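One structure is given below, encoded as structure tokens.
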């Protein structure tokens, strides 16, 4: 095995380097696990307490495993291994341990333990620019990725080499972009010091009045330059997250057009470039690529056969960039005489339209079943336990249930609701067991970004036209710390934007914390979970009570714990039966308490009837089931001093006992002249009296 955890190869004497606190840097990086791993290695997933993926490029598979608790990692396909985040970052980016530590220190704001002004200044530059002629060219051969497939050279205004950027094509189909710079004695895989030079400075200097196009990436920049030679095309190094590390001052006074990639990261990068150029460029416009294929850029346009005229037409539609869009103001005077809009609900008073509702449920209470049953009601236009619903398309994103389980559960729901699978045309679900389901990952506390899984979910919802999305559960979807409020609010706000975009509602299923269960509040983690959602529901087992009867295990209470647009505290009592939920009579806690009291009184009446029957038999008095007989049992038993029930109560008890098989009409004795007497008698080995009602 190749152990990388101990490697330390400084590019300069250690006396010329600021002190690095490796323990503090590792601690800061590991505190961002697992969220940061989804950015470093985007094709991975969490299995137990490990993050697993195919390789150091984040490909699919299980060869690379990272322990989330200890930080140790091993790539079993290459025999590389290490003991901490620094060694992992170094191996991924081809850096020395020191360079990896410095980059991570910058990312996580760790200054190494010493104030910057007290650090010893380097005796020589870490990166020499321009590169002297005698330095020659690097071999561009990477210890892991092999030969470079493409190299771009960054010249300055006098065409002197500043750095090279090399592309390495991976066996998995991906790519790795690595900078090569000169350190005074040898070539190294390291970025220049910030601010970093732009790609295309020589062209800028040669044509000081030309329009400038900014694309993302050297490949796209070269393609755009070939397609539209009338302009100067430049880019920056390091990708979309490195915009603010580039030197944009050479674009001072220029007319600039930004050509973004056609995806969300491309749009974010264009926004960042716009903000960086504010006060530098004379004008800034941005191309609209929203109608282009996913990730489309200038290289794709060239491959598609675009011409200079095609690019000119695209440039003519560029819009003036707004580095900071003004807030959308509402002038209340314009609302005079405008009809007040009705508040829209997915489920009246329970699930508001356009917002996120949280459904908390104790383990095993059936919150996933309840959510799937709600999807069915919405998709088929049925009431939800007596509550009106909005009919729309529903999408379920289930992280804990396999397809077979969803199938079985739906069959039970169909039976309970009187529908068939052919009635579920507006309903779709997906099983995500064993998949990477994190929807928002966090680089460090307070900074989150939507993941590829979220973009896939969003695209799917928009494609199928879903206006109700069930997400089950939060523990599988949230990549941050549930007790950190800024992270929680960002996650809920991300889901809120999704609810607005689909013009519908999102239901987020979650487990309550131990304190939330013990208090009966049903909340979990930071108070931001409850504070940020507009509605919060809690499904729990019916509390233990001597009056609850034998069927208490099948009873649940669904409580509206928070409601910004309705009364809080409302309850619906549900009964689990044959793998589906049914509303109890009255569908409210008070009705069920009354029902429990009624059941208790019925059981007591049944026992009083049996006790009275035994006492009368002991006295040699037999009684009849016929209301026309002089020995009518309810009348005789009610007359007993110890009974305590009226004849009407005992009539109902007698009918229940007959139904239960506890009593029957048969021979009960003989008269003095030996004639057989018939009357009510107990059935031998009969079951105990049972509670009536739904089971």
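Laid out as a table, the results:
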item: Share of alpha-carbon pairs per 20 Å distance bin for the chain, given as whole %; result: 14, 35, 28, 13, 7, 3, 0
item: Packing-based order for 423-434, 369-380, 36-47, using average beta carbon neighbours within 10 Å, highest first; result: 369-380, 36-47, 423-434
item: When the convex hull of its Cα atoms is projected in every direction, mean area for the range 156-238 (nm²); result: 6.6
item: For the range 598-682: relative contact order, % (alpha-carbon pairs under 8 angstrom, 6 or more apart); result: 28
item: Peptides ranked, highest mean first, by Cβ atoms within 10 Å: ranges 85-96, 483-494, 178-189; result: 85-96, 483-494, 178-189
item: Computed over the range 381-448, Cα set: Rg, Dmax in Å; result: 16.3, 50
item: Using distinct alpha-carbon pairs, which all enter the 1/r mean, Kirkwood radius of the range 345-546 in Å; result: 17.1
item: Shape of the range 598-682, Cα gyration tensor, a/c cut at 1.5; result: prolate
item: Spherically averaged projected area in nm², based on the convex hull that wraps the Cα atoms of the range 196-285; result: 5.0
item: Nearest-ten-degree value, helix 589-618 long axis tilted from longest Cα axis of the chain; result: 30
item: Between helix 22-31 and the chain: long-axis angle, C-alpha atoms, 0 to 90°, nearest 10; result: 40
item: For the chain, calculated [θ]222 nm from helices alone, where every DSSP H run of n ≥ 4 adds -39500 (n - 2.57); result: -9000 deg cm²/dmol
item: Kirkwood hydrodynamic radius of the range 302-426, from inverse mean 1/r over distinct Cα pairs, in Å; result: 19.5
item: Relative contact order of the chain, defined on C-alpha pairs under 8 angstrom at six or more residues apart (%); result: 8
item: Rg over Rh [alpha-carbon atoms, Kirkwood Rh] for the range 133-188; result: 1.01
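Taken together, the values in this text are just the output of simple stated rules run on the coordinates, not laboratory data. These numbers come from a predicted model, not from an experiment. Neighbour counts are summed over all protein chains in view; Cβ atoms, including those assigned to glycine, are modelled from backbone coordinates with ideal geometry.
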